[in-house]
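The values are calculated or read from the model by the stated rules, or taken from the named source; none is laboratory data. Since we're looking at a predicted model, the values are computed, not measured. Positions of Cβ are generated from backbone atoms using ideal geometry, with glycine treated the same way; all protein chains shown enter the neighbour counts.
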Amino acid sequence: MNHRTERVGNLIQQELGKLIQREIEFPGALVTITDVVIDKKMEGAKVMVSVLPKNKTAEALDLLDKSAAHLQHLLLKKINIKPMPRIKFEIDFGAENAAAIEKLLTEEGSSESDSH
């Protein structure tokens, strides 16, 4: 990622995070933007989100997808970037995967100490 796409990604992440908090209500869920990846041509922005609790993920992603055009419009008014990358939401399973790996390692470590 070049410097401009990285700066634009960070700016979109900050502003979109504020817009999502203000514009969308997620009943019983906490939604966080974990990363924004801009493609080389600045046409698309992959917005990675984390949802807690995990069982609210599909519902939250559906709300985000339905609100994408509205959020895109508000973002364009907030940030004057030409071209404004089209946002697409995706679930970031990174933290969840890290927690699962840590749990496995902890379990393996305790089973090794049990056998000694």
Which one of these does E43 not meet: (1) in contact with a Ser or Thr (Cβ under 7 Å, 6 or more places away or on another chain); (2) closer than 28 Å to H3 by Cβ; (3) surrounded by fewer than 16 Cβ atoms within 10 Å (Cβ to Cβ)? (1)
Filtered residues of region 10-28 (kept if over 14 Å from Q72 (Cα atoms) and of a type in the set (G, A, S)): G28
Return yes when M48 is crowded, with 16+ Cβ neighbours inside 10 Å and modelled with pLDDT under 90 and no when it is not. no
For region 46-65, check the following and say yes or no: at least one residue is touching a helix residue (DSSP H, G or I) at 6+ places or on another chain (Cβ under 8 Å) and part of a helix (DSSP H, G or I). yes
In this structure, does A95 turn out to be within 16 Å of the chain's Cα centre (by Cα), within 22 Å of N10 (Cα to Cα), surrounded by 12 or more Cβ atoms within 10 Å (Cβ to Cβ) and modelled with pLDDT of 95 or more? no
For region 12-46, how many residues are free of Cβ contacts under 8 Å to residues at least 24 places away in the same chain and under 19 Å from A69 (Cβ atoms)? 6
How many of the residues in region 16-32 are within 18 Å of M84 (Cα to Cα) and not in a helix (DSSP H, G or I)? 0
